[in-house]
Each structure stands twice: as structure tokens, then as C-alpha cells.
Amino acid sequence: MSRLHPLRKPLAACCGALTLGLPLTACGGASTADPHAKEVTVYSADGLKSEQGDGFYDTVFKDFEKKTGIKVNYVESGSGAAVQRLARERANTKADVLVTLPPFIQQADGKNLLDTYRPKGSEQVAAADKDPAGKWTSIVNNYFCFIYNKKELKQAPATWQDLLDAKFKNKLQYSTPGVAGDGTAVLIKALHDFGGRGPAMDYLKKLQANNVGPSSSTGQLAPKTDKGELLVANGDVQMNYANMKSMPHQGIFFPAAKPGAKPTTFALPYAAGLVKNAPHNANAKKLLDYLLSAPVQRQVSSVGGGFTSRKDIKPTDPHATDLAKLMKNVDIFHPDWNDLDKNLDSYVDAWREATGG
């Protein structure tokens, strides 16, 4: 089995993002983008790039540049931060492609930051994993999860109720809803599993007794869980599966709503869209086409530890087999992303009121 390396890392400081291949002046000031330049700029949520340089983005961007001569400038941040930066730069757009998680990709569309483009191959993407108006398309499918320390715990917590046990006091942490994509996913799963805002907030208020506190980065929680500083944290399948070789004490689990119920999760795809008024529009379309091409989609599991977006691609590599086993018998629900886009702020406000976060 090929080695997968950890893909998430703490963010560095340029407007809250790690910037690769861009001058530091990209954080502000006038754009020097040449529309004829052989380059394309991607603003992306973290998770698909490796510190070792052999992650999904590393491999695909390198191959894309080799095939086309177009250099990929990569700017990494949290899901919400990427959208906020695009909005700040609206009058002088610097990005060409945005990749982020729901509901932040819908938020970008709602702010009129995305243009219509249906990449080649998008007809093979399920309707739930793309925008019907053509504003965004999943390039890597993924699912929300929790992780636990397999060395300290004999088995994973089965239900949300299990997480209220006193043994998890100051040993449980989840990233901040409204800031981190996976943290927002905790809120979304709670709203679904408990049947609405009231009971979800009642539960999260109780859980706060065990919660270490806020965290802007989900990726920072995995090494803490592996070391035993935490017993439970939140994450996502692609990130935590890819981390397992270097963090062997992690285990992935999906808490059920109540005893006897099936464990649940929902899709958190890495969704890509063409940025409105992109300075390198033609290059952006070429990159989006490439990301959805069959050869690249076959690498999603083998290189990135994720799930292909295309229905016609059936990977058989060892990682794809392991991932399929992991998702077996897990009930996958479908959030109302339009509702979440419209009401996310109120849900996050309710969470803050309930938890004091």
C-alpha cells in the first residue's frame, strides 16, 4: 500500500493563509495579474496538500503545469476565510478558482463571487455534489467524522450520549463552528441527529462541560488525539485517513443519535468553482477540466485518500477498498444546504449562546 502523508497543518500568517507561489503583496494592494500570463491562482480550503510534497494537490498541480505550461499559484486557508478573502478582493479579483467545503461554497455563490462553468466530466458528478446552476462542482468527495485515540479507548464511542461521560472532561475538542468547515459540520450533524435547533443546542450545551475550548483549525486536533492529549475530536474522513500512517493511534468513528440507531454522517465535498471576474479565466477553466478528468479522479483515493467525484470511476486501489469498508453501514444523510446558507449565522449564534463559545 502506498504511503499517505498528513495533509492538514496549522495555517501560516498572510491574511490568515499559507501562500505558496505568490508574492507577499497578494495579501493587499493593487493586483499585478496579467490576463495573458501562463498561470492560475487557486484559493483552497486546507486538506489536499501534503507537507511532504506528495499529496493530491502536489501531484496534480505539478502534472498540470507539465502538461500545459500553466503555473498553479496556491493559497491555502480555512473554508470560511477563503470566501471572506474573495469578498474583500471583489473590486480587484486575484483568485481564479475557489475550492472550499459546504456550506461555504454556497456562501460564495450567495455573495455573487462565482461564475457559471460546468467542467468537462461534470456530467458524471451526482446532482447532490454539484450546483444545478453550474456555479460549483465537487472535485473530491469526502465525509464528516470524529476521531478517537485507539490506544486509550478500547472501542469508539457509539453515540453522542457517550461523549458526555466524565472521562472525556478536558479530553474532547471540536473546531469552531462558523470558522472551520469541519467545526461547522459538528453543528450540522447535531441539528440532523437531534431533530432541530432546540434539542441540538441543549445537547451541545451539555457537551461543553467536556470540551477543551475553541480551535480555528481542525487539522491541529488530529496530532493531539494521536498523542492522547485528546481522546476525541472532530475531523473528516479524507484528512484523518490520510493521517493514519503517521498518526497510528487515530480511529475514525461516526456517533449515532441514540443507542440502537445507525451511525450517521454526510458528504463534505471539496467543491470547486470559477471565480467571477477571474483574471486568468481561460486557464481556470483548463484547470477545472483537468481536476475532473478521469486520470486525475483515479488518483483521488490512491494519492489523496479521498473519494472520487465521478460516478463512472470505480477505483480498486487499496486505499479505495479501505475507505469503502470504513463507510459500510453508515447512514449518509443530505443536509438542506440552501437552508444552511440562509440560516448559518443564526445557527452559529445559537451555538455561541448555548456554549458560551
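The values are calculated or read from the model by the stated rules, or taken from the named source; none is laboratory data. Owing to the predicted nature of the structure, the values given are computational and were not obtained by experimental measurement. In this analysis, Cβ positions are derived from the backbone assuming ideal geometry, glycine residues included, and neighbour counts consider all displayed protein chains.
Structure summary
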item	result
Residues (among the small types (Gly, Ala, Ser), touching a strand residue (DSSP E or B) at 6+ places or on another chain (Cβ under 7 Å), in a helix (DSSP H, G or I) and more than 21 Å from Ile105 (Cβ to Cβ)) located in segment 167-221	none
Top-ranked residue of segment 229-256 - restricted to ones that are surrounded by fewer than 21 Cβ atoms within 10 Å (Cβ to Cβ) and outside any strand (DSSP E or B), ranked as modelled with the lowest pLDDT	Lys245
Qualifying residue in segment 277-299 (condition: out of contact with any Cys (no Cβ under 7 Å at 6 or more places or on another chain), under 26 Å from Asn243 (Cβ atoms) and of a type in the set (Phe, Trp, Tyr))	no
Subset tally (residues that are touching a Phe, Trp or Tyr at 6+ places or on another chain (Cβ under 8 Å) and modelled with pLDDT under 95) for segment 333-357	4
Strands (runs of 3 or more DSSP E) enclosed by segment 55-144 - at least 3 residues per element that are within 27 Å of Thr265 (Cβ to Cβ)	97-100, 137-140
Any pair with Cβ under 7 angstrom, 6 or more apart, that starts in segment 204-226 at a residue that is closer than 20 Å to Glu152 by Cβ and ends at one that is among the polar types (S, T, N, Q) and in a helix (DSSP H, G or I)	Ala222/Asn240; Ala222/Asn243
Candidate set from segment 294-318 (those that are aliphatic (A, V, I, L, M) and under 25 Å from Asp46 (Cβ atoms)); member that is surrounded by the most Cβ atoms within 10 Å (Cβ to Cβ)	Val300
When residues of segment 50-97 are limited to those that are among the acidic types (Asp, Glu), at pLDDT 95 or above and within 30 Å of Leu344 (Cα to Cα), the one surrounded by the most Cβ atoms within 10 Å (Cβ to Cβ)	Asp96
Test: residue in segment 319-327 that is surrounded by fewer than 16 Cβ atoms within 10 Å (Cβ to Cβ) and assigned to a loop (DSSP other than H, G, I, E, B)	no
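For (1) out of contact with any helix residue (DSSP H, G or I) (no Cβ under 9 Å at 6 or more places or on another chain); (2) more than 26 Å from Gly305 (Cβ to Cβ), each residue gets a yes or a no:
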position: Pro315; (1), (2): no, no
position: Asp322; (1), (2): no, no
position: Lys325; (1), (2): yes, no
position: Phe333; (1), (2): no, no
position: Trp337; (1), (2): no, no
position: Ala354; (1), (2): no, yes
